[in-house]
1. So if I take the alpha carbon set of the chain, get Rg, then get Rh from the Kirkwood formula, what is the Rg over Rh ratio?
2. Could you work out how far apart the two model spin labels at residue 75 and residue 88 are, taking each label as a point 7 Å from the Cα in the direction of the beta carbon, and quote it in nm?
3. How many angstrom separate the Cα center of the stretch 51-85 from the Cα center of the stretch 238-259?
4. Short version: what are the Cα gyration tensor semi-axes of the stretch 76-191, square root of 5 times each eigenvalue, largest first, in whole Å?
5. Between residue 203 and residue 134, what is the spin-label point distance in nm, taking each point 7 Å from the Cα along the Cα→C-beta axis?
6. Just from the alpha-carbon atoms, what are the Rg and Dmax of the stretch 233-300 in angstroms?
7. For the Cα atoms of the chain, what angle does the longest principal axis make with the long axis of helix 3-17, in degrees from 0 to 90, nearest 10?
8. At 0.36 nm per residue, minus the direct Cα-Cα distance, what do residue 226 and residue 57 gain on full extension? Give it in nm, one decimal, please.
Amino acid sequence: MTTTDDAREQAAVDLSTGPTALSPTAADSGASASSSFRTTGQYSGSGAGADTARVDALARALLGAVHQVIREHEVTYPEFQAAKRWLMDVGEGGEWPLFLDVFVEHAVEEVAARTQTGTVGTILGPYYLPDQVQLASPASLPARPDQAGTPLLFRGRVTDTDGAAVPGAKLDIWQADEQGYYSGFAPGIPAGNLRAVVSADAEGRFEISTIQPAPYQVPTDGPTGALISAAGWHPWRPAHLHLLVSAPGHRAVTTQLYFAGGEYLDSDVAEATKPELILDPEDVGDGRREVTYDFVLETA
Ligand code: DHB
Ligand code: FE
């Protein structure tokens, strides 16, 4: 039996016996992330009908950059064939969403951010799932009855750029658990765990009870992990909450919030941290923590 089969078998056992999370394999995470990407509306067409001049410019620039690397670094035939094999493996393992969101999305987001005012955005990542349970503030994220982790009360207000309350604001929130694993992508976690769409009140105020997530590790057993290890990099992202904050008539913000003093804040493998997005929760006794963060949405 392969390691993957072992993990799957374990996962099946765990689902019936309790909440011991297992580390997801790259194949599990990659396949789930690929199918989620195809079905959640992030992708709206095949590219057919795209402007020819734009395709020409981008394809030329991209290939030119590759040619430039080859010339500058005197890439050899064995290296070229190894790269071809690796690219095939990433595709066959379904790891393109993981790879691209870790290593490329931050640059696309940086370009999008040039026209954005209000709360700073960052990458969406591969683990968003739409249509989660809708809750009214004050809300507790769905969690296991015996969910481990430091309790965190996350509250704040959604306003427009003039500081006025935004009615009808929704916070779509998703996060890893205390082991760094996401429901829907790692085996053994109940569907919808630590995911919800929370409606703020009429003054834009929200209060969400959850736990502090752990840092996230890019799966190390697939081709993305192989590249990370072959290059001597580390596979970690700092602990983070994901948020998609929206309101009628306003431009939605996709962002993440990080934790002051957390590991990997200065070496995020996905290069998606920003100083404006770091929370510093206060200890309020009993091992509980609380933090306030206000969101600002620009008018659409
Ligand atoms: C990836 C995972 C994340 O949790 C995230 O926020 C960004 C990227 C990834 O594995 O690609
Ligand atoms: Fe994430």
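Read the figures in this text as sums done on the coordinates, not as results from a lab. As the structure is a computational prediction, the values presented were derived from the model and not from experiment. For neighbour counting, all protein chains shown are included, and Cβ atoms are generated from backbone atoms with ideal geometry for every residue, glycine included.
1. Details: Rg = 20.6 Å, Rh = 20.9 Å.
Checking Rg against Rh, the ratio lands at 0.99.
2. It works out to 1.7 nm between the two label points.
3. 34 Å
4. For the stretch 76-191, the semi-axes come out at 35, 24, 11 Å.
5. Reported label-point gap for residue 203 and residue 134 is 2.4 nm.
6. Values for the stretch 233-300 (Cα only, Rg and Dmax): 14.3, 43 Å.
7. Tilt of helix 3-17: around 20 degrees.
8. Net length gain for the segment: 57.6 nm.
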